[in-house]
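Only one structure is covered here, and it is reproduced in the block below.
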Amino acid sequence: MTDATVQLIPHPVSRGEAAAKIEVHVTRAGPKALRLRYVVEGDIERLYVPAPDQPLRTDELWKRTCFEVFLRGEAGERYYEYNLAPSTRWAAYRFNGYRNEMADADVATPAIAASMTDGRFELTADLDLDGLPHLPDEATWRVALSVVIEDVEGQHAFWALSHPSAEPDFHNRASFTLSLPVAGASA
């Protein structure tokens, strides 16, 4: 098992004040298993959170409050994107290059849970990555983490590990800053 805890930062064009801090706990629990726990702190009562729903594959989740992870191997241009909504709706895509040839990734439905307490919102997701052939079991993965926060006034804030572009762009290859080795390997 490999663990990492990272802080996300807002993009300068972000608006809204619902989130003051976002931390992500990442666990590579096996060769093709990933557990994510996003912790948002701030004025959580102002955070737009959709009602719980069936865990259905749904496009365009990124237009509202959405938790994202991007994954790729060390080599090559192919990568994968997961969108995880507090409602438990989700999406998974594969790309053959930067925003190129997007298609649904053939993966199992992620297990998503969300909870809210005073000043804190958490979303956890367990991902079975077995259907991702270009994500090697035995190799280090490059990871980009991001969150789109929408507040109740409709303002959006864009949080990520890094923001290498003038506009929010979570697909930018330079955003894959987290190295996640297979259990037992060194980063």
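The values are calculated or read from the model by the stated rules, or taken from the named source; none is laboratory data. Predicted model, so just to flag it, every value in this text is computed and none were measured. Quick reminder, even Gly has a Cβ in these numbers, built from the backbone with ideal geometry, and neighbours come from all protein chains shown.
For this structure, a couple of remarks:
- Hits in the stretch 52-93 - residues which are more than 29 Å from Ala19 (Cα to Cα) and either modelled with pLDDT of 95 or more or charged (D, E, K, R) (or both): Glu74, Glu77, Arg78
- Residue within the stretch 164-184 that is within 17 Å of the chain's Cα centre (by Cα), surrounded by fewer than 16 Cβ atoms within 10 Å (Cβ to Cβ), in contact (Cβ under 8 Å) with a residue 12 or more places away in the chain and part of a strand (DSSP E or B) present: yes
- All positions within the stretch 79-99 that are in a loop (DSSP other than H, G, I, E, B) and closer than 18 Å to Thr177 by Cβ: Tyr98
- Among the residues making up the stretch 1-40, those that are over 17 Å from the mean Cα position of the chain (by Cα), within 16 Å of Glu150 (Cα to Cα) and touching a residue at least 40 places away in the same chain (Cβ under 8 Å) are Pro12, Val13, Ser14, Arg15, Gly16, Glu17, Ala18.
- Residues within the stretch 135-163 that are over 17 Å from Val40 (Cα atoms), surrounded by fewer than 17 Cβ atoms within 10 Å (Cβ to Cβ) and either modelled with pLDDT under 90 or of a type in the set (Val, Ile, Thr) (or both), tallied: 4
- Considering residues of the stretch 16-70 that are in a loop (DSSP other than H, G, I, E, B) and among the β-branched types (Val, Ile, Thr) only, the residue farthest from Pro86 (Cα to Cα): Thr58
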